[in-house]
Structures are given as C-alpha cells and as structure tokens.
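Only one structure is covered here, and it is reproduced in the block below.
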Amino acid sequence: MAVHELPFERRTVHGHFSPELPPVLSIDPGDSVAFSSPDAGWGIGPPTDESGTRERFGPREPGLDDGHPLLGPVEVRGARAGGTLAVQVEELRVGTWGITDAGGWPAPLNERLGVAEGETRRLVWRLDAEAGTGRDQVGRLVALRPFLGVMGMPPNEPGVHSTHPPRRWGGNLDCAELGVGATLYLPIPVDGALFSAGDGHARQGDGEVAQLAIEAPMERARLRLSLADVELQNPVARIDGAWLAFGLDEDLDEAAAQAVDGMLELMRREHGFERRDALALASAIVDLRVTQLVNGVKGVHAVLRDDALV
C-alpha cells in the first residue's frame, strides 16, 4: 500500500464538484493520499493583524473557485458507481492560525439571533499543533480537535456543483467526530470515485452555530481510500468506540429521520436486530446530534456507542 504525496498547486486545487473534472491522481484501493490545504477562505499566509488579513491562493476562476478549496479529484481504480468508498483519516496536522467569524451577514440563523446586521466579530487564533491548543486574540485557550470539513465525491450529474451543501456522497459534512482514526463510508456516485477533500477545521462544536468553525489550513492530511463491501444510502462512519449514521436534508426533521433510518440498518447489519426491535432499543441507547445547521442542507448524526450494550 503506497502513500501518494499530492502537491498543493493550481492543477490540484478546485473550488467546486463536477464529474467532468479530470483526476489529478489515480491510486489503487488501500493506498493513501497526503496533502496540505489552505483555509476555507483560500488563505495561505498567516494573518498579519487582528483583522485576519492574510495572503490568499490565486489565481481563482469565478464560477469554478467560489467554494471551498479542495485537493483532487483522486481516482480510485476499480471504484464503481453504487459501491462504497471507505475514507480512513490517518493523519491531520493543523497550520499555525485559524479564523472564526460571527454575525454581520444575512443567514436564517443570524437573522433569528438578531446578528445579521452590523459588524462581523472575528476571532483570530494562534494554533500550536504540538501542544494541541489554540489561543484567540483575547487570550482564551481551547483544546484542538482537528478534522476536514469536506470529504466527498461529485453528484452523478454534469456541470458545476457547489461545495457548500453536504450530499449523500459526502462533501461538506462538517462533522467534528471525523478526526484521526475515523473511517467515513460513502456511497460512490461515479466510476473512479473522483474523491476530493479540504476545509480544515481546528475545532468545531456540533451545529457550527456561527457558520464557521476555527477555520484553519492543514499543514498535512493523510487519508487512506479503500473499497468496502457494504451497500449504503447515506454516509456512515466508524470512530473510536462508536458508529455514526448521517442524515442530510433541508428539513431538520427529515435529516433526523434519515439518521435514525441509517442507524436502524446499521444495527441490523452489525448486530442482527429486527427493525422494530432496533427502533425500540435505539430510543434508549442511540443519541441524535445536530451535525451542522448552516450549509442549506442540514445534518444530523446518530451515535451508537459500543458500550451502550453492557
């Protein structure tokens, strides 16, 4: 199993999903891909002051580079539409800075909270990957919990697709549980998979309520891409000590229902439980969490811990 180093340069970076994007790398199942990535705002240099002003990657092409800067696409040989891609997070090392903005732009949650108008509050973070901590300009210290906000594949439809909404094939899931050691399982929409990733987060709370996490560059990320013999409707993930099942929809109730549905199927597959029995048991031992509220398509993940059954 090889590790492929994917350089950060204009030919390997894109700001949209499309099945028409040619792969920049072709790998065998089980190989790993290592790369660095800018922050979600295409920032490649540290903030020069407390305003967060920083050097940004360019040139960028309007209409094609309006979303998150993603590395890829990566073709996985033998991947077929309808199969399942397993993405194992092997390594994440954040860069030296991060930025979190809140308020000052129109969005449903901002308007509900009364912060859509006026100035944006910006926290500028200095990150210490070795210590695993971040400190903002006020001096507040938090423990880091890095993950990639975007890991996914394009819809099986021609044209340019935004990176912002999460889809059943992954993308902008923004799930804080998907750190080092996690394995994300995704339905494959197109032959070859055409997988891309980016959008480094140094830390995020469930919900991502300000619409940004600690948005940060990734100095190094390494992902292993494999093929899994399992049939999925929506993403699921294996983390340390638990299974996750995801639901994605513009309606939060429907997203929650999808997450429960995925968890019931997972409980059948992993434990042999009948569906109604699994639902009754899930009501006692499965937790529903709001993954994110801010990408148009909302996310919910159901969590079944290994120690829930003693």
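Please treat every number below as a calculation from the coordinates, not as lab data. From a predicted model like this one, the values you see are computed outputs, not experimental measurements. All Cβ positions, even for glycine, are placed from backbone atoms using ideal geometry, and neighbour counts span all protein chains on display.
Listing for the model above:
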quantity: Alpha-carbon gyration tensor eigenvalues x 5, square-rooted, for the stretch 128-243, Å; calculated: 28, 16, 13
quantity: Highest average packing first - 256-264, 79-87, Cβ atoms within 10 Å; calculated: 256-264, 79-87
quantity: Potential lengthening between Glu20 and Glu157 on full extension [0.36 nm per residue; Cα-Cα distance subtracted]; calculated: 48.4 nm
quantity: Derived scalar couplings ³J(HN,Hα) [the stretch 123-129; Karplus, 6.51 cos²θ - 1.76 cosθ + 1.60; whole Hz; x for Gly, Pro]; calculated: 9, 10, 9, 9, 9, 10, 5
quantity: Rounded FRET efficiency, nearest 0.05, which uses the C-beta distance separating Val230 from Leu309 and R0 of 25 Å; calculated: 0.75
quantity: Rotationally averaged projected area of the chain (alpha carbon convex hull; nm²); calculated: 16.4
quantity: Max mean-square fluctuation residue, GNM over the chain, Cα-Cα springs under 10 Å, options Ile27, Ile99, Ile188; calculated: Ile27
quantity: Between the stretch 232-260 and the stretch 71-103, the Cα center-to-center distance that results, in Å; calculated: 18
quantity: Most to least packed among 30-41, 11-22 [average Cβ atoms within 10 Å]; calculated: 30-41, 11-22
quantity: FRET efficiency for Asp251 and Trp105, using Cβ-Cβ distance with R0 set to 41 Å, rounded to 0.05; calculated: 0.95
quantity: In Hz, Karplus ³J(HN,Hα) per residue of the stretch 151-163 (6.51, -1.76, 1.60; θ = phi - 60°; x = Gly, Pro); calculated: 9, x, 9, x, x, 7, 9, x, x, 9, 10, 4, 7
quantity: Evaluated over the stretch 259-310, the Cα radius of gyration and Dmax, each in Å; calculated: 12.0, 39
quantity: Calculated [θ] (222 nm, deg cm²/dmol) that DSSP helices of n ≥ 4 give over the chain, each run adding -39,500 (n - 2.57); calculated: -3500 deg cm²/dmol
quantity: Lys, Arg +1 and Asp, Glu -1 on Cβ, resulting dipole of the stretch 1-151 about Cα centre, debye, nearest 20; calculated: 200
quantity: Karplus-derived 3J(HN,Hα), 6.51/-1.76/1.60, for each residue of the stretch 279-288, Hz, glycine and proline x; calculated: 5, 4, 5, 4, 5, 9, 10, 9, 9, 9
quantity: Extended-chain gain in nm, criterion 0.36 nm per residue less alpha-carbon gap, Glu50 and Ala116; calculated: 21.6 nm
